[in-house]
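Worksheet: one structure, shown below.
The values are calculated or read from the model by the stated rules, or taken from the named source; none is laboratory data. All values reported here derive from a predicted model rather than from experimental measurement. Cβ atoms come from the backbone with ideal geometry, glycine included; neighbour counts cover every protein chain shown. What goes into the accessible areas is simple: the full protein's heavy atoms, side chains included, and nothing from ligands, DNA or RNA. Shrake-Rupley method; radii C 1.70, N 1.55, O 1.52, S 1.80 Å.
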Amino acid sequence: MFTIRELLQPDSTREAYQLLQTEAGARIIAGGLFLRLSDRLTIDKAIDISGLGLDRIEEMEDHFQIGAMVTLRDMETDKALNSYFSGVLGKSVSGILGVQFRNMASIGAPVAARYGFSDPITALLALDTSVELEDAGTVSLETYLSDRSIKKDLLKYILIKRDNSKAAWQVLRNSETDFALINAAVSRSGNEVKITVGARPKCAELATGAMEALASSEWNDSDLEKAADLAAEELSFGTNRLASAEYRKDMCRVLVLRALKEVRDAD
Amino acid sequence: MQINITINNEDRTFKVRPDEFLADTLRKNGYKSIKRGCDKSSCGACTVLLDGKPILSCSFLSVRANGHAVTTLEGEREEAIKLGSLIIKEGGDQCGFCTPSLILTTIALKRENAKPTDEEIKHYTNGNLCRCTGYVPQLKGIKKYLGVE
Ligand SMILES: Cc1cc2nc3c(=O)[nH]c(=O)nc-3n(C[C@H](O)[C@H](O)[C@H](O)COP(=O)(O)OP(=O)(O)OC[C@H]3O[C@@H](n4cnc5c(N)ncnc54)[C@H](O)[C@@H]3O)c2cc1C
């Protein structure tokens with residue numbers, strides 16, 4: 001449970017950003033659901049970003065522009081968005097708690113905060129995705145996730161290039177609505193493939209070795225098995241209360257193989 | 001802070017703290033169908049409809065409801081009696097703590113998707129936890145209510 005001393009309601013993203021820089025103890029509040037989980041958190045100045053018009057999914061000329069305050073439920077049900085990439089974005093969020101929760105949780109927050117356990121980050125990273133920040137401008141999601149020098153910024157939009165790639169989503173949970181103990185996504189356009197694995201429990205990363213190996217292969221069963229093995233070898237896994245590193249590594253192989261088969265057989 | 005909310009078609013004005021949650025504002029003002037179960041955004045017992053969409057009132061800041069329409073079970077008497085009776089007939093109402101929230105969620109489902117499949121019903125209602133039953137009787141009651149047996 002948290003205490004909010006003062007709620008600031010800026011009118012523009014610029015103003016929100018400036019408040020974040022200048023006000024001591026300021027913190028952005030999106031859905032507030034993750035913040036709320038913390039024990040005895042006091043936020044001196046909560047910057048409410050719900051009034052900044054960041055709650056729309058828009059089809060731009062060559063990309064989707066997704067506002068930071070778009071809810072997970074909108075990501076799940078948006079027809080245009082899910083008519084692309086085999087609906088992988090909707091699938092990635094549909095297992096997160098219940099519909100009530102998804103009507104409140106924002107898509108911007110997990111990306112901005114780089115949550116390791118995040119399901120949608122894994123799917124987004126398998127696509128051609130960038131983030132638009134108020135101060136740092138537009139950077140690729142891959143750069144944002146690895147470059148921790150970008151901080152105390154306001155994430156405004158998630159930008160996803162529209163193309164005809166097919167994609168697949170795989171996730172393993174101990175029970176429905178629990179956190180993922182590992183998740184994976186694959187996208188494929190021609191021979192170009194992206195493989196991402198997240199909740200390891202570290203944040204999603206690309207399995208670049210496996211991706212390269214597949215680019216020059218025939219995509220028969222043994223090629224896919226080799227790629228899945230490579231992904232499990234090149235990525236690092238850790239142990240937490242949900243699963244051990246060894247189990248995650250084994251399951252990484254299984255999920256990546258399933259996802260690869262799914263995108264291959266989608267053609 | 002002062003907020004104006006339309007609750008069950010009635011315009012109401014409240015003074016709220018910046019960190020006050022909607023569940024508290026509503027319960028304080030007599031809407032007792034809302035339960036606080038887990039207080040961790042996980043059990044669904046505090047469900048209300050915000051502009052027709054189910055949300056968790058235990059985790060929704062009251063100030064954010066300013067200018068919006070909130071529906072609690074008190075505002076859905078007719079549907080609540082219909083669905084509630086069907087769930088009771090199936091033996092799905094034991095301690096009753098979670099039933100109001102399940103009913104509201106099902107009403108929202110019906111308006112979004114009038115003829116859902118079993119899978120769609122389960123997917124839509126899986127944020128409503130019940131600790132007494134195994135969900136089977138509720139599902140039966142919901143299917144009768146929706147006319148999708
Ligand atoms: C009980 C529970 C279970 C969950 N299970 C899952 C799961 O299985 N899979 C999954 O993927 N996720 C899961 N989540 C995470 C959830 O989906 C959301 O990602 C999370 O709640 C954050 O969203 P929010 O809008 O509530 O953010 P908030 O709590 O408002 O913010 C979280 C953090 O991000 C910062 N922030 C928010 N928006 C921005 C922005 N635009 N720019 C910069 N910083 C920002 C805030 O300052 C804060 O530090 C779970 C969360 C909870 C509470």
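Filtering region A:122-142 to residues that are open to solvent by 10 Å² or more (accessible area, probe 1.4 Å) and of a type in the set (Gly, Ala, Ser) leaves A:Ser130, A:Ala136, A:Gly137, A:Ser140. Among residues of region A:173-202 that are under 17 Å from A:Leu257 (Cβ atoms) and not assigned by TED's automatic domain parsing to the domain that holds A:Met251, none has a beta-carbon under 8 Å from a residue that is assigned to a strand (DSSP E or B) and open to solvent by 10 Å² or more (accessible area, probe 1.4 Å) at least six positions away or on a different chain. Considering region A:1-23, and only residues there that are at the interface with chain B (Cβ under 8 Å from one of its Cβ atoms) and not in a loop (DSSP other than H, G, I, E, B), the residue that is nearest to B:Cys38 (Cα to Cα) turns out to be A:Phe2.
For region A:24-43, the set of residues classified as open to solvent by 60 Å² or more (accessible area, probe 1.4 Å) and more than 10 Å from every other protein chain (Cβ to nearest Cβ) consists of A:Ala24, A:Arg27, A:Asp39, A:Arg40, listed by residue number. Note on region A:179-202: residues that are within 30 Å of B:Lys122 (Cβ to Cβ) and either among the hydrophobic types (A, V, I, L, M, F, W, C) or surrounded by 24 or more Cβ atoms within 10 Å (Cβ to Cβ) (or both) amount to 14. The criterion of being at pLDDT 95 or above and more than 14 Å from the ligand (Cβ to nearest atom) does not hold for A:Thr13.
Can you find even one residue in region B:3-24 that is in contact with a strand residue (DSSP E or B) (Cβ under 6 Å, 6 or more places away or on another chain), surrounded by fewer than 18 Cβ atoms within 10 Å (Cβ to Cβ) and among the hydroxyl-bearing types (Ser, Thr, Tyr)? Yes: one or more hits. Only helices (runs of 4 or more DSSP H) whose full extent lies in region A:46-111 are considered here, and the ones with at least 2 residues that are touching a residue at least 60 places away in the same chain (Cβ under 8 Å) and crowded, with 22+ Cβ neighbours inside 10 Å are A:88-93. When the criteria are applied in full, A:Glu176 meets the requirement of being modelled with pLDDT under 95, within 11 Å of the ligand (Cβ to nearest atom) and surrounded by fewer than 18 Cβ atoms within 10 Å (Cβ to Cβ).
For region A:24-47, taking the residues that are among the charged types (D, E, K, R) and under 22 Å from the mean Cα position of the chain (by Cα), the one that is farthest from the ligand (Cβ to nearest atom) is identified as A:Arg36.
The residues of region B:117-136 that are among the polar types (S, T, N, Q) and within 14 Å of another protein chain (Cβ to nearest Cβ), listed by number, are B:Thr125, B:Asn126, B:Asn128.
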